[in-house]
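What follows is a single structure, written as structure tokens, with notes after it.
Where a number appears in this text, it was derived from the coordinates with a stated rule and is not lab data. Keep in mind it's a predicted model, so treat the numbers as computed, not measured. Counting neighbours? That spans all protein chains shown, and the Cβs are built from the backbone with ideal geometry, glycine included.
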Amino acid sequence: MFLTLNRQKLEIYSTSRQFVLECYKLTKYLSIDEKFGMITQIRRAALSVHLNIAEGASRKSEAERKRYFEISRGSIIEIDAAIDIANDLQYLVNYNLENLGIKMILCFRLLTGLINQKAS
């Protein structure tokens, strides 16, 4: 917010930020019984996606950068698994998952590309 850094030029940075917002919107539809369970876990994982991208982008070592991006991608997988359970519990019957799904897939693909990118 206050710093102007290279991470802000990365497509994954702005995409993951939108993904976090979608995850927070989704958690408003979950049962209040999940306040200290699924809601907290999805929000923490979503924030982890974005924060690990920010921190990884600031690393000088390619290996370190990729490790942060792998952690970020792992958090996306965690959110996807949580949404599977929320669906099984029918918490999301009245929630349109399309925007979240689009942003999730895009984040996953962009991160995979950064992880698989060869050193230049």
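Quick one: 3J(HN,Hα) in Hz for the range 19-36, Karplus 6.51/-1.76/1.60 with θ = phi - 60°, rounded, Gly and Pro as x.
4, 4, 4, 5, 5, 5, 4, 4, 5, 5, 8, 7, 4, 4, 4, 8, 3, 9
How would you classify the range 31-98 from its alpha-carbon gyration tensor, with a ≥ b ≥ c the square roots of the eigenvalues: rounded for a/c under 1.5, else prolate if a/b is greater than b/c, otherwise oblate? Write out the running numbers ahead of the final one.
Working: a/c = 3.38, a/b = 2.64, b/c = 1.28.
Prolate shape, in that a/c is at least 1.5 and a/b is the bigger ratio.
Assuming R0 = 35 Å, can you tell me the calculated FRET efficiency for the pair Ser58 and Ile105, based on Cβ-Cβ distance, to the nearest 0.05? Provide the component values of the computation, followed by the final result.
On the way: r = 26 Å, r/R0 = 0.73.
That pair, Ser58 with Ile105, gives E of 0.85.
Please give the length that would be gained between Glu70 and Ile32 if that part of the chain were fully extended, namely 0.36 nm times their separation in residues minus their C-alpha to C-alpha distance (nm, one decimal). Each step should come with its number before you reach the end.
Details: separation 38, 0.36 × 38 = 13.68 nm, distance 3.13 nm.
Stretched out fully, the Glu70 to Ile32 stretch lengthens by 10.5 nm.
Jot down the radius of gyration and Dmax of the chain, Cα atoms only, both in angstrom.
In Å, with Rg to one decimal and Dmax whole: 14.9, 49.
Among the listed pairs Lys60/Lys103; Lys28/Lys66; Lys25/Lys60; Lys66/Lys103, which are separated by more than 29 Å between their Cα atoms?
Values: Lys60/Lys103 27 Å; Lys28/Lys66 32 Å; Lys25/Lys60 34 Å; Lys66/Lys103 20 Å.
Pairs exceeding 29 Å: Lys28/Lys66; Lys25/Lys60.
Given the options Tyr13, Tyr68, Tyr91, which has the most mean-square fluctuation in a GNM of the chain, springs set between C-alpha atoms less than 10 angstrom apart?
Taking springs between Cα atoms under 10 Å, the residue moving most is Tyr91.
Quick check: net charge around Phe108, other residues with Cβ under 11 Å of its Cβ, Lys/Arg +1 and Asp/Glu -1? It would help to have the intermediate numbers written out before the result.
Working: positive: Arg73, Lys103, Arg109; negative: Asp80.
So the environment of Phe108 carries a net charge of +2.
Could you tell me the relative contact order of the chain? Use alpha-carbon pairs under 8 Å, at least six residues apart, and round to a whole percent. Walk me through the numbers on the way to the answer.
Values: 108 pairs, mean separation 39.7, N = 120.
Rounded, it is 33 percent for the chain.
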